[in-house]
Each structure stands twice: as structure tokens, then as C-alpha cells.
1. Binning every alpha carbon pair distance of the range B:2-279 at 5 Å from zero, what are the percents per bin?
2. Got a sec? How would B:ILE157, A:ILE71, B:ILE2 order by Cβ neighbour count within 10 Å, fewest to most?
3. Please work out the Cα center distance from the range B:12-64 to the range A:1-25, rounded to the nearest Å.
4. Within 10 Å of each Cβ of A:68-77, how many other protein chain Cβ atoms are there on average?
5. Two decimals is fine: what is log10 I(q)/I(0) at q = 0.16, 0.19, 0.26 Å⁻¹ for the range A:79-150, from a Debye sum with one equal scatterer on every Cα and no solvent?
6. Arrange B:LEU40, B:LEU50 by Cβ neighbour counts within 10 Å, fewest through most, would you?
7. Any chance you could give the angle, 0 to 90 degrees and rounded to 10, that helix A:136-150 forms with the longest Cα principal axis of chain A?
8. Taking only C-alpha pairs under 8 Å that are 6+ residues apart, what is the relative contact order of the range B:2-279 in percent?
Amino acid sequence: MALLSFENISIGYDNNPIVENLNFEVEQGDYLTVLGENGAGKSTLLKTMLGLMKPLSGKIVFDKKVKKTEIGYLPQQTVVQKDFPASVWEIVISGCLSKTGLRPFYSKQEKEIAEANIKKLGLEDLKKRCYRELSGGQQQRVLLARALCASNKLLVLDEPVTGLDPKVTVQLYEIIASLNKEGITIIMISHDLQALQYANKVLHIGHQTFFGSKEDYLKSQDYQIFSKEGGKQND
Amino acid sequence: MIELFQTIAAYFEFRFVQYAFIVGILIALCSSLLGVTLVLKRFSFIGDGLSHMAFGAMAVAAVVGLTNNMIIAMPVTIGAAILLLRTSQNSRIKGDAAVAMLSVGALAMGYLLMNIFPTSSNVSADVCTTLFGSVSILTLSIVEVWLCIGLSIATVIVFILFYNKIFAVTFDENFARATGTKANLYNLLIAIVTAVIIVLAMNLVGSLLISALIIFPALSAMRVFKSFKSVTISSAIISVVCAATGLLTSIVAGTPVGPTIVAVDIVVFLIFLLVGFIISRVRKGR
């Protein structure tokens with residue numbers, strides 16, 4: 001059974017559907033890239049997936065292996081976070097919060113999980129540093145470590161390379177790809193075609209919906225149109 | 001210098017000065033704890049709106065002739081907090097308008113009521129006290145003192161128990177929600193505790209100056225400290241020290257309590273602003 005399946009999902013605001021009758025499945029170990037123009041409904045899809053919004057119709061089915069709350073989420077940065085006084089450690093361990101339940105403080109085991117993820121993303125030296133003083137790439141690694149604390153099965157990334165320079169972008173993609181090789185399922189929202197390089201599946205939403213393997217997508221008409229438009233945007 | 005200490009010691013012989021000091025310090029401690037969260041969540045305006053609601057409720061309580069104003073002010077303010085939070089979650093702009101409407105409305109109605117049904121011969125003085133808290137801290141009854149102590153301790157305990165959750169909800173509400181934290185519940189908790197603090201703090205600084213007590217220590221601490229924990233702890237210390245200094249100054253110099261405390265808070269904020277600026281300069285220079 002698929003890890004996560006969308007069955008006839010329609011999403012949107014106030015009964016105005018943006019995307020209708022969406023069907024797709026994510027298997028364990030998949031690397032799914034969700035592409036689409038601005039306003040195509042990528043963010044809305046993501047919010048629905050995370051349970052922040054209800055779908056207008058249809059249902060999302062999770063496999064028993066993942067609880068609904070066991071999704072690691074890498075959000076886009078908010079304005080609040082730009083001058084937020086918090087250390088790297090405080091942010092990373094906050095990813096373990098759902099594990100604490102009614103317990104007010106973090107257990108030793110949860111602290112170890114946070115330590116391990118800090119190490120995994122090479123943040124040991126930055127552990128006590130203030131989040132707002134880090135570079136964009138470092139901040140994304142901190143948020144990625146927090147996401148890994150919340151889940152070691154499924155990561156959902158919302159435009160993770162926005163605002164990063166090309167070198168750091170490649171580094172971040174490499175990190176994500178290596179997490180995927182460890183068996184973590186990745187769902188990444190992007191309008192960057194570079195993101196396709198690592199994916200094995202593609203969901204394209206827009207005028208026409210495409211869902212399938214990357215190879216099929218690269219041959220499809222959606223890709224032809226999107227890559228041209230994407231090229232124009234970059235000029 | 002010795003004379004000054006003797007004067008202060010002499011004042012502390014009085015029971016009402018002791019009460020004022022205990023209550024003042026506890027209120028300062030509580031109000032600073034949530035300050036960091038309120039500033040960071042861009043909720044400062046809710047604190048301001050709530051304090052005006054509390055003023056209206058106090059006026060009603062005075063007109064009805066209750067000896068303990070908190071009995072009415074507390075539930076009304078908590079209700080308003082829940083209401084404001086609801087509206088501000090639906091849409092940002094609507095929330096702003098709702099706060100402005102409720103707070104100004106409550107202020108006007110409160111003043112109107114106090115004038116139509118005057119409880120003493122000097123209405124202006126009554127209003128001034130409620131707005132700027134000039135003497136109310138010095139006329140606390142023993143019941144009010146114990147109520148303040150009880151509620152303050154409860155506030156501190158709630159804050160410590162929910163510290164990690166409050167942090168998560170403040171830093172990234174969507175992430176917290178997506179990973180199964182009941183963000184709405186904690187927002188509600190934050191709003192209720194804020195309301196309790198505001199009603200308590202009305203005794204110390206009056207309803208117009210409460211926001212200062214809540215946000216200044218947090219803003220000062222944020223200039224210099226870098227982690228949420230250190231900002232929270234230092235803003236609590238700053239707030240208590242400022243309140244103590246302000247109270248002592250006002251007792252010795254005979255200035256109104258509330259504005260004196262806020263003045264000390266402002267001075268400390270300016271010092272921290274300067275220190276923060278120097279630290280960042282030194283860092284860049286290296």
C-alpha cells in the first residue's frame with residue numbers, strides 16, 4: 001500500500017476549487033517533485049496534505065506506518081522568524097514537540113534525537129548561535145534538522161531553495177538527495193526545474209495535471225510548456 | 001546615601017508599602033514572561049486593546065459598587081481576549097479593526113459611566129487612577145494582595161509547564177500545527193494568561209500603561225540576548241529590577257508609581273539598544 005494517497009481530492013478556498021479531482025500516490029522511498037506555476041495551487045495542496053486545511057472533497061489516506069502528525073515539514077520562512085531570538089538548538093529540538101504529548105519538558109531520548117540531527121546536517125559548531133544571524137543556507141539546514149526531529153519517514157519541503165545562491169542551492173539539493181537515499185520519502189514543492197534532477201516522480205498541477213515518473217514527464221507536453229515559461233521567468 | 005536608605009527603611013515599616021512592593025514585583029515578573037511571545041507573535045496590539053476593555057469593566061464594577069473590581073474585570077477581559085484572538089485569526093485587517101473598535105468603545109463607555117454615575121465627588125481623580133494607576137497600588141486590601149500572589153504564582157507555573165509549547169507556537173505556528181500540536185489551544189492559553197496579567201497589572205500601572213510593562217522588558221532583552229531562553233529570563237530580571245527601582249523612586253520622590261516604572265523601563269530600553277548596537281558593531285569589526 002502507498003504511504004500516502006490522494007483520492008479525488010479537490011482543494012481551494014471557500015468552495016472555489018483551484019485544483020479538482022486530483023489522484024496520486026506516494027510510495028515509501030519516493031522523491032516526488034510538485035511543479036506548477038505561481039497560483040496553480042502548490043501551497044494549497046501542501047497545506048491540505050499537512051492537515052492545515054481541509055480538502056473541499058475527496059480524502060487523503062495515510063498508511064498505518066506513518067501517523068498524520070509524523071510529517072517533517074520545511075516551511076517557507078515567515079516574517080516573524082527574521083528577527084526571532086532563538087538558538088539553533090532551541091529550534092531543532094522544537095521538532096520533537098509532538099513526541100512529548102502532555103509531558104512539559106523534553107526527555108533525554110528526544111535530546112539525543114536532536115543532537116543526532118544537528119550532527120547529520122553539520123550544525124555542531126552553530127548549535128548555540130542565534131538563528132537570525134545565520135546565512136540563508138544555514139537557516140534552511142536548521143529547519144531541515146527540525147523537520148527530521150519530527151519525522152524520519154516523510155519530509156515535505158516547500159520551495160526550500162528560495163533566495164539561496166546557486167552554490168548553496170546545489171548543496172541543499174545534495175543533502176535532500178542523501179536523506180532520500182537513506183530511505184526518507186521526500187515531497188518537494190518547487191518551481192525550479194533543477195529540482196527535477198533528483199526526483200523519481202513528478203506531479204505537475206496547472207491547466208493540466210500530470211502525475212507519473214520523471215522520465216514520462218520529461219517527454220510530456222506539460223514539461224515542454226513549463227520549461228519554456230520557466231526559462232522566460234529567469235531572464 | 002545612608003540617609004536615603006534610612007528613608008526607604010522607614011517607608012517599609014508601613015504595611016501598604018510592603019504590599020505594594022510584593023505585588024509590584026510579582027506583576028512585573030508575570031507581565032514580562034509573556035511579553036516576548038506577544039511581541040514576536042505581533043500580538044502587542046491585543047494587549048493594548050485588552051487593557052482598555054479592562055478599564056471599561058473596572059468602570060462598570062465601580063458604578064455597581066463592588067469593592068473588589070477584579071470580580072467583573074477578570075472574566076470580561078478574558079472573554080475579550082478570546083474574542084480578539086478569534087477575529088484576528090480569521091483575517092489580519094479585520095482583527096486590527098476589531099481591536100480598535102472594542103478598545104476605544106470600552107474606554108469611552110467606561111468614562112461615560114463613571115461620569116453619569118459618579119461614585120465619589122472627584123470623578124477626574126478616579127479616572128486618572130484607573131488610567132495611570134497612581135495610587136491604587138498603595139491602597140491594596142489584604143484580599144487583593146493574596147489574589148495577586150495566587151494568580152502570579154499560577155501564571156508562572158503555567159508558563160514554565162507550557163514553555164516548550166509556547167516557544168514552538170510562537171516560532172512557527174504552521175509547523176507546530178502540522179506536527180500535531182494543538183496551536184489554537186495554546187494561542188487560547190496565551191490570550192487567557194495575557195488577560196489575567198493585564199487585570200493584575202492595572203493595579204500597578206493603570207490601564208493605559210500596561211502595554212509598556214509587557215513589551216519594554218522583552219524589547220530590551222531582544223536587543224542583546226540571542227536565545228529564547230536567555231531573552232525570557234533576562235526580560236523577567238529587567239522587568240523586576242525596573243519595577244523595584246520605579247517603586248522605590250516614586251515612594252521617595254513622591255512621583256506617580258505607574259509612569260515612574262515605565263520611565264525606568266524606557267531608560268533601560270535605551271541602554272540595551274545602545275549595548276546591542278555596540279555589540280553588533282564590534283562583531284562586524286572583527
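All of the numbers you see were taken from the coordinates with simple rules; none came from a lab. The structure presented is a predicted model; accordingly, all values stated were derived computationally and were not measured. Please note: Cβ atoms are built from the backbone with ideal geometry, for glycine as well, and neighbour counts cover all protein chains shown.
1. 1, 6, 12, 17, 18, 17, 14, 8, 4, 2, 1, 0, 0
2. Arranged by neighbour count, lowest to highest, B:ILE157, A:ILE71, B:ILE2 become B:ILE2, B:ILE157, A:ILE71.
3. Cα centres, the range B:12-64 to the range A:1-25: 48 Å.
4. 3
5. For the requested q values the scattering log ratios are -0.50, -0.70, -1.17.
6. Listing B:LEU40, B:LEU50 from fewest to most nearby Cβ atoms yields B:LEU40, B:LEU50.
7. 90
8. Reported relative contact order: 31 percent.
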